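Here the structure is laid out as structure tokens; the discussion comes afterwards.
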Amino acid sequence: MGAVETDSPASRTALGAARHRAVHQLLEGGVIFTDPLAVPVTGDDPAWLAARALEEADRRMRWFVCARSRYAEDTLARAVSAGVDQLVVLGAGLDTFAYRNPFRDLRVTELAHPATQAWKLECLAAADIAVPGSVRHVPVDFGRDRLADVLAASIDPSRPVLFWWLGVTPYLTAEAVRGTLTVLGSLPHVAVVLDHASPTSAETAEAQDWMRRRRERVAGLGEPWLSEFTAEEIPGLLRACGLDDVRVEDEGVLIRRLLGLPPSTSPRATHLALASTGWPTTGEGRAQRL
Ligand SMILES: C[S@@+](CC[C@H](N)C(=O)[O-])C[C@H]1O[C@@H](n2cnc3c(N)ncnc32)[C@H](O)[C@@H]1O
């Protein structure tokens, strides 16, 4: 593993994503994504959290952040029922799954930027959230470290493993995204749930304006978006990296279904995908449903 900058600040966008999940519990009862640890891990006062999240723009992002976690956890549940017992959370931020993991045999490895990982451990301790023995914390910088070496030292790469890579690819260059996916795609039995930024040209003027403001905001936090992919580009990229079975998900359909809303007729880009290769097969030789 190469050198990592340990003096860089913890990720502010990780706190932002965690606050979206927390506010969702408070304002919407976790209807898209239920997470009883979402509020405590932020260390925030629930009344303050609920009051700061009433803007329409916040709501759009909140639903997306919750939908991608819901999709990831639903995919994990199916993988576990197919016998998978390794989950790697790439760029884990304040994700709380590992601390409420209901699956007895599932090992969870959180790979995270060193400063963010150290801060997360402080947040967990401050909230009295216990760290189970099934969790490993491994520091990594996707832009610098040799991920293959990190994985070889932290999981059994010869057996099936599910990766979550949520909210991270926009902060990496396209080259770094491709590099990471190439390592994942070289594993024999692997699936990855990931999201990505998309060019907004396919969306309404209102959505484009919202996205422009969002980009400006995260750049102002020192975490600019460095890559984006269209829903058409993503399958080609994933296949070129060795992940031959690719599904592009329309998170808008998922969100509206979970909220009990009718399907949308507005044009919009999608930002979520599931890709795998060599996934465990059923007795009939078909790949297990992911
Ligand atoms: C928006 S947060 C998402 C965190 C978490 N996955 C979630 O869904 O809440 C972005 C995450 O990307 C991580 N990240 C960004 N660039 C990184 C890099 N070069 N190496 C490792 N992690 C990185 C940050 O530390 C942060 O945790």
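Results, tabulated for the structure shown:
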quantity	calculated
Normalised contact order of the chain, rounded percent, pairs of Cα under 8 Å and 6 or more residues apart	19 percent
Calculated diffusion of segment 1-138, Stokes-Einstein form, Kirkwood radius summed over Cα pairs, 37 °C and 0.692 mPa s, µm²/s	209 µm²/s
Trypsin sites (Lys or Arg not before Pro) within segment 87-135: DSSP coil, no more than 10 neighbouring Cβ in 10 Å	Arg104
D_trans [Stokes-Einstein, Kirkwood Rh over alpha-carbon pairs] for segment 139-239, 37 °C, 0.692 mPa s, µm² s⁻¹	218 µm²/s
Mean separation of Cα contacts under 8 Å (6+ apart) over length of segment 223-278, as relative contact order %	41 percent
Estimated FRET transfer efficiency when R0 is 30 angstrom, pair Val248-Asp45 (beta carbons, to 0.05)	0.20
Expected-Rg normalisation [2.2 N^0.38 Å, Cα atoms] applied to segment 82-204	1.10
Residue-span extension gain [Thr265 to Val131] - 0.36 nm each, minus C-alpha spacing	43.8 nm
Global geometry of segment 95-159, whether rounded, prolate or oblate, following the gyration tensor of its Cα atoms and the 1.5 cut on a/c	oblate
Spatial separation of Cα centroids for segment 39-96 and segment 242-259, in angstrom	16 Å
Segment 187-237 pair-distance distribution - Cα-Cα, 5 Å bins, rounded %	4, 16, 21, 22, 17, 11, 5, 4, 1
Beta bridges by DSSP in the chain, antiparallel share as percent, to the nearest 5	40 percent
Kirkwood estimate for the chain, i.e. one over the average of 1/r between Cα atoms, Å	19.4 Å
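Quick note: the coordinates plus some simple rules give every number you see, no bench work behind them. Since we're looking at a predicted model, the values are computed, not measured. Neighbour counts are summed over all protein chains in view; Cβ atoms, including those assigned to glycine, are modelled from backbone coordinates with ideal geometry.
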